[in-house]
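The values are calculated or read from the model by the stated rules, or taken from the named source; none is laboratory data. Every value quoted in this text rests on a predicted model; they were computed, and no experiment measured them. For neighbour counting, all protein chains shown are included, and Cβ atoms are generated from backbone atoms with ideal geometry for every residue, glycine included. Heavy atoms of the whole protein, side chains included, go into the accessibility calculation; ligands, DNA and RNA do not. Shrake-Rupley method; radii C 1.70, N 1.55, O 1.52, S 1.80 Å.
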Amino acid sequence: MAAISRILLIALLLLFNLPAVADSIWYGARLCRDQSEFTCYRVRSGDSWQELFPNSREQDLVMRINRMGVRLHPGMVLAIPRDLSSASVMEYSPFPHQISSPGERIIIVSKEKMAWGAYDSDGSLVRWGPASSARGYCPDVGSCHTPSGRFAIYNKEGPGCFSRKFPVGRGGAPMPYCMFFHGGYALHGSYEVPGYNASHGCVRILVPDAEWLNEDFTDIGTPVIVQ
């Protein structure tokens, strides 16, 4: 009975279309304009990632497409591939699968696409994921931004990394698997990757992605290109 209920829920989810809202803050709402590829779902009270997407692979894909790594709340907008059961993460990469050989591993961060991509020395895309950079204005400090340009990782810390500056006056905000690339700016894991740019300036990414980049991909000196 539970299996039938899950099937009916997914069927309802994929059939439930919403018109795209041009000025929505959620990245998924932008994608919903393409009704041929995505169906749009507005989160309801009581919804959770696990209940909507019990298949972990499909859940991960929808989270990445929507640039989200937060608990679901009513009113959120999710773009869901119409071919969810057969879709793959790399198929929905916002970055090209191949670039000119950089001769070394590099990370590219797109503030507009709200994503990061990791390329090997041959220029092949190895992995990508959601990112949330600066919101532009932060009530506690005023103007806030994420710098653009070519940088390099100069310091890394593990799961216990935390901010010395935020919250303002106290510090202590978790920054697991931080990778500093310019002054106090870092790529780091976060449980608040909300589907729009929301940070003070660092680049928030999913915690599993930060762990992989920190431990398996980057070294001191690995280039980080922020666009």
_Helix 56-65 against the longest principal axis of the chain: what's the angle in degrees, Cα atoms only, rounded to the nearest 10?_
70 degrees
*Hand me the trypsin sites (Lys or Arg not before Pro) from the stretch 126-198 located in a DSSP loop with no more than 12 other Cβ atoms within 10 Å, in residue order please.*
Arg164, Arg170
*Between the DSSP loop rule and a limit of at most 12 other Cβ atoms within 10 Å, which chymotrypsin sites (Phe, Trp or Tyr not before Pro) in the stretch 128-227 are left?*
Tyr191
*Please give the length that would be gained between His97 and Gln227 if that part of the chain were fully extended, namely 0.36 nm times their separation in residues minus their C-alpha to C-alpha distance (nm, one decimal).*
45.1 nm
*Could I get the Rg over Rh figure for the stretch 66-192? Both from C-alpha atoms, Rh via Kirkwood, rounded to two places.*
0.99
*asked:* Compute the angle between helix 2-15 and the longest alpha-carbon principal axis of the chain, please, reported from 0 to 90 degrees and rounded to the nearest 10.
replied: 80 degrees
_I'd like the isolated cysteines in the chain, meaning no second cysteine's beta-carbon lies under 4.7 angstrom from theirs._
Cys202
*the chain, accessible area per residue, ligands and nucleic acids excluded (1.4 Å, Å²)*: 48 Å²
*Share of antiparallel DSSP beta bridges in the chain, in percent to the nearest 5?*
80 percent
*At 0.36 nm per residue, minus the direct Cα-Cα distance, what do Asp60 and Asp120 gain on full extension? Give it in nm, one decimal, please.*
19.3 nm
*Hull volume in cubic angstrom per residue (convex hull over the Cα atoms of the chain)*: 137 Å³
